[in-house]
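Down below is the structure, laid out as structure tokens.
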Amino acid sequence: MAYSVGVDVGGTFTDVFMLDDAGGQPLTAKVPSTPEDPSIAVINGIEKVCQQNDIDPTSIRAVMHGTTVATNAVLTGNGARVGLIVTDGFRQILHLARGFVPGALSGWINFVKGKPMAELRDTVEVGGRIGADGAVVRPLDEDGVRREVAKLKASDIQSVTICLLNSYVNSEHEDRVEEIVREMMPDVSISVSSRTLPEVQEYERAITSVANAFVKPVVSRYLTNLKKGLEERTGALSLSILRSDGGLAAAQTAGEYPVNLLMSGPAGGVAGANWVARQSGFENIITFDMGGTSTDVCLIEGGEAQVRRETVVHDVVVRASSVDVRTVGAGGGSIAYVPDLTKALRVGPSSAGAVPGPAAYAKGGEDPTVTDANVVLGHLPSDARLGGDMEIRKDLAEKALTKISEPLSMSIEEAAEGVIRIVNENMFGALRLVSVEQGHDPRNFALMAFGGAGPLHANALGRLLGAWPVIVPRGPGVLCAAGDATTNLRDEAARSLIKLVDETSKEELSEAFDELTARACASLDSEGVPRDKQEVRFQVDLRYAGQSADITVTLSPEDFAKHGIEQAVGRFDELHEQMFNFRLAKAKEIVNLRVIVLGPGAEAVELSLEDGDGDITRAAIADTQIYSEGEHHPGTIYDRAKLLAGDRIEGPAIVTELDSTTVILPGSHATVDSVGNLLIRDNS
Amino acid sequence: MATLIEKNTTPWDEVEVDAVTLDVIENAIQNARVQMDAILFRTAISTIIREQRDGFPVLTDRDGQMLAGQFGSPVDGFIDNYDGDVQEGDVLLTNDPYACDGAISHLNDWLVCTPVFYNGRLLGWTAMFGHMSDISGSTAASMPVTSTDLLQEGIVIPPVKVVSKGELQQDIVRMAVRNSRTPDWNEADFYAILSACRTGAARLVEMADRFGPEVLVSAQKLLLARNREAMRELIVATMPEEKVVFEDYICDDALGYGPYKIGCEMWREGDQLIFDFARTDPQSAGCVNFLLNDRMFKMFCGQFMVNVFDPQIVLNDGYIDLIDVRIPKGSLLNPVAPAALNGRTHALGRIFDIISGLFGTANSDFLVAAGFSDSPHMMFSGFNERDDWFLMFQIGFGGIPGKPGGDGPDGHSLWPKMRNVPNEYTEAYFPIRVERFESIPDTGGPGLHRGGNGVKTEYAFLVEGKVSIHDDRWFTYPWGVKGGLPGVRSTKTLIRTDGSRETLPSKIDNVAVEPGDLLVFETWGGGGWGDPLERPYDAIAYDLESGLVTENGVGRYGVVVKADGTIDVSASDALRAKMTEERGEIEPFDFGATLDEIREKCLEETGFEPPKPPIQAPIAAAWARKQKRGSEQASGARAAG
């Protein structure tokens, strides 16, 4: 017997999802998270699932893990003190950034700029210069390097980043500086920009490398502790970390380039959603993960999530591939208010957070939140329990909502419905961003809702988008852990090659792809994945010569062998027209080449749920009133745990489970499919 | 006036729109605007649009009132001045500022306007303008500082239908694009703008599908009305009835005249706010004229006010009748055609300093220091190593002013959306090496909240070519407020391979450069806000340690530094007490010096003779004579009658 385990660490709970290599239904467990050291909850969860199912921990073969350790280090500013070494004349590279001021005209009046991730006092310049063509214009001033590194050494620097101009074409100066740093500061971790991100644009390369350096010590420490703690119980195992791009990487590689882990958490949700959707037979879905303070959305087409070449964490934007998850800063805790000046109803951006939280949670919150609006409308039943023991007080929610209903001269229910419609409109904007704006018609996609608040809003969003059915998986909390456990090993290697297509020979490309393939396969090789189980894909980023943004086109090694990149170039024209309504009779330019290698995923596990007799009264908990489109409707509350395959629930209805509540609106209905997903559709 | 042809001429019914639907529609319109931006920046090719993001979208109602955008609506000026008919499937193009009341302010900006129809009836407009890198004219980048009329600045495209009843007019695109040194860029950028406008139009139609066209049209009216009411309250609550005056300057016009005064009086009558620019100097014979579109000016005022009081507001054109802007014809801000306009960026930027000065005088909540109120242009052209002609054009940034909420950032953009150009991008595409890119210590005006530092960029040229520059504030100072001191002025120095140094004027065309020459391009710092003698020591220590102020520079904060580079607190306390006493009363504004003093020291401090006082330009003089003759004839006729 051998088991693989997926673990997802959330803000409140840590979920564990365990698969028997021999097949069978997955085993799950839920334990409270331990934010002070997240690895404790990971180990607790694994112990719990083993105990509950009488499994010997040493039979665990592999642990796959999505982690927010890197993300939190950035969000809280709790990373390493980073020393930055740059080319003479560019000391203020992070300080000046791209000179961008957010907001509208005169927005600068309210703009307060934070300190850079590597501070100016810790940034040093070294002489020597590489030209844009890669030639050495001035040799590296090694004495100067030693002098400057000595300064860094005298400060309390924990991590060093080297980012020299034009190192993306020629890294010899960076490599030499690295040698000197390694010799003079043997104990610090080092990030070299030409390896972290071998791409043009010095600020983007610097911030990406600095972010890497900033989180590296924290992530390494965490991964080392986790592996040690696990192996004390399980014996030797393979620990893999889910990267932002949705692929798994061995813990050691992941620790070397932790900037690739900044979206590890959301990537787990996307992977899990993909896995569950496939079980229900859907390959095209849009995910909708709404939590307390923010909401993530992502588009999956043909079973593959869109990946973009950028990761955004709060105000830090780095160039690292991540599943194209768009985040809206609105969730259940977003506060609604009515400004005096306009008497408009606004929702967010401020949030009640976990403390004091929504008014209905009776933890001292007094401002009306989205959650309070859901309580008033009967969407979130006031006798439901969140996380088992949290009380929901409708009277407090109503009281809070008078803060907006009075200035708007509306009833409390009308105001609450207004809050929901406005927050839904924000969500709709984000959902359009990943669909319509990328040239995808949302009507060809199903909408999968998870997260604490996702299933409350999903039916309404399905209507706005025309995306049907709305899928609500069982135990949406465990979804991320399921994603961790069921995704593939993956690695990629990329390089910049800015060159016109017409001036590039097939031989040149072939050589480059070979070299990238060797690099990308290395980590899977070392994980013991045989080459015939490694799926290799080539990608080329193309644009019309001079454009700033490129479009990624994927091709198989076989296609490339047969046609070179000719077909990819034709596909680029098509994609450009699909996305932007025009194509140009202009030279095309290659920007980057990339090779992606995928290992085999977990063996297919078939989820299943017992068939019901069609009589759903077995699951009914209580009658209730649900407010929708200006009216109260009588409806029923159901217990998700008692629903069986084939059941059909007519809206209006509420389905509750441990960590989530689903609303089925009047005019819609839900069916329970053979794997236990709720599929909501409009009656018409 | 354009003739509107609708297949269905029934007016839209006004229907009730509930408050929440109204807010939902406001969000949807705002989202459409954001999407127009996203498409432009992804598909445009020129540096100025793709990297620096000089392009601005707007969505309007059927009368051309802006619902979402940045610079006010260009559409109504366009409708007023266009002679032809407008019908479904048309898209209009122009770059002529005189044909749209200055909604675009120089020929480089190409404006595309798309009427949006729904079942045969006009629903609204989408429009966008973007900066084309070159549109012919006498210098590369089409902004000759020595031009004396509009026709020297490039092709003038009167309002034309570039798409007619759904058919793209290829001939017009070919003609427009042929008149450029960068035809490929212009073509791609034009299609990018067109694509963005079409996307905005598609979103408006979808909104009509979703909410019902009557609801959408009624909501547009309500959104305008709601904004008007908010601004009305703001104006009445914050603006005085007594007149306030503020004056600032454009340093010179590249023809040796200057400084040009921009002077404005502001007062409130009831809920109307009046701006009278009668004190402004006459138009220039050169390129620094700025045809100030009154809607744009009103939008600037509105944005400034809401950013102080409620930044969440999505501004629209609803309140424009509450502001009355009076600008005398023949002045720098309302030049007689065909006055040259390409250097309007200086007056356009300076308008923000005027607004700060007026509002800050009226109500000290609004008071911020003089900003980086310009867009310094650096242009370099020639033949590269592959013997292909190239044009590098970039806009520099400087110091953001000190403000009530904190320091002005160093070397950032005062304009929304814009970004600097990555130096590796510049080096990869143009025969130039950037040897230094940093903010200059001590150039931001000291203050409780200091002004941002200006930027120093050192360009080493790798081939021979020609350099042109547009900048300002080399003569007058970026002023400080509430005790804050002025920022340091701009300079440009050319260092030849033999080591000789040459100071360049801030506005100049076609300076020949050789491989190895180095241009040191320094922009100016923002003014300081509040008393620098009250700036906390730890903030000064941070700036010192970061190299953003120097040990020399801290003296102006009343700070004494010990041998180890740290602050000597007791010596500083004593120095501050002494300086406070000697300084006396704090004035609201510190302009650095009087104009006479600046003139007197000009040669010594800047290396240039002071500019001569402005004189009437020939175009304006001819117009004035004609006006005079006309009125004499009229009064003669009256006398005779």
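The values are calculated or read from the model by the stated rules, or taken from the named source; none is laboratory data. For clarity, every value in this text was computed on a predicted model and none was experimentally measured. All Cβ positions, even for glycine, are placed from backbone atoms using ideal geometry, and neighbour counts span all protein chains on display.
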- Only unsatisfied item for A:A236, checking (1) among the small types (G, A, S); (2) surrounded by 24 or more Cβ atoms within 10 Å (Cβ to Cβ); (3) not in a helix (DSSP H, G or I), is (2)
- Task: Pairs only if they're at least six apart or on different chains, beta carbon under 8 angstrom, first in the range B:21-33 and facing chain A (nearest Cβ under 8 Å) and over 21 Å from A:E417 (Cα atoms), second small (G, A, S) and assigned to a helix (DSSP H, G or I); list them, first residue then second.
- Result: B:N31/A:G429
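Hey, which of the strands (runs of 3 or more DSSP E) in the range A:560-647, taking only ones fully inside, have at least 1 residues that are away from chain B (no Cβ under 14 Å) and of a type in the set (G, A, S)? Working first, answer last.
Values: elements: A:588-598, A:620-628, A:631-639.
Result: A:620-628, A:631-639.
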- Item | Index of the failed condition, B:L151 passing every other in (1) farther than 30 Å from B:Q616 by Cβ; (2) modelled with pLDDT of 95 or more; (3) aliphatic (A, V, I, L, M); (4) outside any strand (DSSP E or B) | (1)
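Evaluate the following for B:E582: is it surrounded by fewer than 14 Cβ atoms within 10 Å (Cβ to Cβ), farther than 27 Å from B:L504 by Cα, within 29 Å of the chain's Cα centre (by Cα) and acidic (D, E)? Break it down stepwise before answering.
Details: surrounded by fewer than 14 Cβ atoms within 10 Å (Cβ to Cβ): yes; farther than 27 Å from B:L504 by Cα: yes; within 29 Å of the chain's Cα centre (by Cα): no; acidic (D, E): yes.
So B:E582 does not fit the description; no.
Yes or no, residue by residue, for (1) touching a residue at least 40 places away in the same chain (Cβ under 8 Å); (2) more than 27 Å from B:L332 (Cα to Cα):
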{"position": "B:F211", "(1), (2)": "yes, yes"}
{"position": "B:Q220", "(1), (2)": "yes, yes"}
{"position": "B:A230", "(1), (2)": "yes, yes"}
{"position": "B:E233", "(1), (2)": "no, yes"}
{"position": "B:I250", "(1), (2)": "yes, no"}
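The rows are residues; the columns are (1) away from chain A (no Cβ under 14 Å); (2) in contact with a helix residue (DSSP H, G or I) (Cβ under 6 Å, 6 or more places away or on another chain); (3) modelled with pLDDT under 95; (4) farther than 30 Å from B:N363 by Cα.
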| position | (1), (2), (3), (4) |
| --- | --- |
| B:T497 | yes, no, no, yes |
| B:T503 | yes, no, no, yes |
| B:N510 | yes, no, no, yes |
| B:G516 | no, no, no, yes |
| B:G527 | no, no, no, no |
| B:T550 | no, no, no, yes |
| B:A574 | yes, no, no, yes |
| B:T606 | yes, no, no, yes |
- Item | Unique residue being buried (at least 23 other Cβ atoms within 10 Å of the Cβ), closer than 30 Å to B:P183 by Cβ, within 23 Å of the chain's Cα centre (by Cα) and at the interface with another protein chain (Cβ under 9 Å from one of its Cβ atoms) when the list is B:F393, B:F397, B:F380 | B:F397
- Message: Go through (1) more than 9 Å from chain A (Cβ to nearest Cβ); (2) more than 14 Å from B:A68 (Cβ to Cβ); (3) surrounded by 23 or more Cβ atoms within 10 Å (Cβ to Cβ) for B:E16 and report which single condition fails.
- Response: (3)
- Item | Top-ranked residue in the range A:542-559 [being under 21 Å from B:L194 (Cβ atoms) and part of a strand (DSSP E or B); ranked as nearest to the other protein chains (Cβ to nearest Cβ)] | A:Y544
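From the list A:V149, A:V219, exactly one residue is modelled with pLDDT of 95 or more and surrounded by 22 or more Cβ atoms within 10 Å (Cβ to Cβ). Which is it?
Details: A:V219 fails: modelled with pLDDT of 95 or more.
None of the others qualify; the one that does is A:V149.
Taking A:L380, is it assigned to a loop (DSSP other than H, G, I, E, B), touching a residue at least 40 places away in the same chain (Cβ under 8 Å) and surrounded by 21 or more Cβ atoms within 10 Å (Cβ to Cβ)? Walk me through it before giving the result.
Numbers: assigned to a loop (DSSP other than H, G, I, E, B): yes; touching a residue at least 40 places away in the same chain (Cβ under 8 Å): yes; surrounded by 21 or more Cβ atoms within 10 Å (Cβ to Cβ): yes.
Yes; evaluated as a whole, the condition is true for this residue.
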- When restricted to A:I85, A:I40, A:I55, A:I93, the only residue buried (at least 22 other Cβ atoms within 10 Å of the Cβ) and more than 14 Å from every other protein chain (Cβ to nearest Cβ) is A:I85
- Could you check how many residues of the range B:33-63 are over 30 Å from A:E589 (Cα atoms) and touching a Ser or Thr at 6+ places or on another chain (Cβ under 8 Å)? 3
- Say we look at the range B:19-77 and pick out the residues that are within 21 Å of A:L433 (Cβ to Cβ) and polar (S, T, N, Q); which of these is modelled with the lowest pLDDT? B:T43
- Query: Among the residues of the range B:218-236, is there at least one that is surrounded by fewer than 23 Cβ atoms within 10 Å (Cβ to Cβ), farther than 17 Å from B:S356 by Cβ and either under 19 Å from the mean Cα position of the chain (by Cα) or away from every other protein chain (no Cβ under 14 Å) (or both)?
  - Reply: yes
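Mind counting the residues in the range A:183-197 that are in a helix (DSSP H, G or I) and under 19 Å from A:A118 (Cα atoms)? Explain how you work it out, then say what you get.
From the range A:183-197, those in a helix (DSSP H, G or I) are A:183-184, A:193-196; that's our starting set.
Checking which are under 19 Å from A:A118 (Cα atoms) leaves us with A:193-196.
Of the residues in the range A:183-197, 4 are in a helix (DSSP H, G or I) and under 19 Å from A:A118 (Cα atoms).
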- Condition set in contact with an Asp or Glu (Cβ under 6 Å, 6 or more places away or on another chain) and in a strand (DSSP E or B), scope the range B:475-517, selection surrounded by the most Cβ atoms within 10 Å (Cβ to Cβ): answer is B:G480
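If a residue must be in a helix (DSSP H, G or I) and among the charged types (D, E, K, R), how many such residues does the range B:338-380 contain?
Here is the first cut: in the range B:338-380, the residues in a helix (DSSP H, G or I) are B:345-362, B:364-366.
Retained after the next criterion (residues that are among the charged types (D, E, K, R)): B:350, B:353, B:365.
Residues meeting the conditions: 3.
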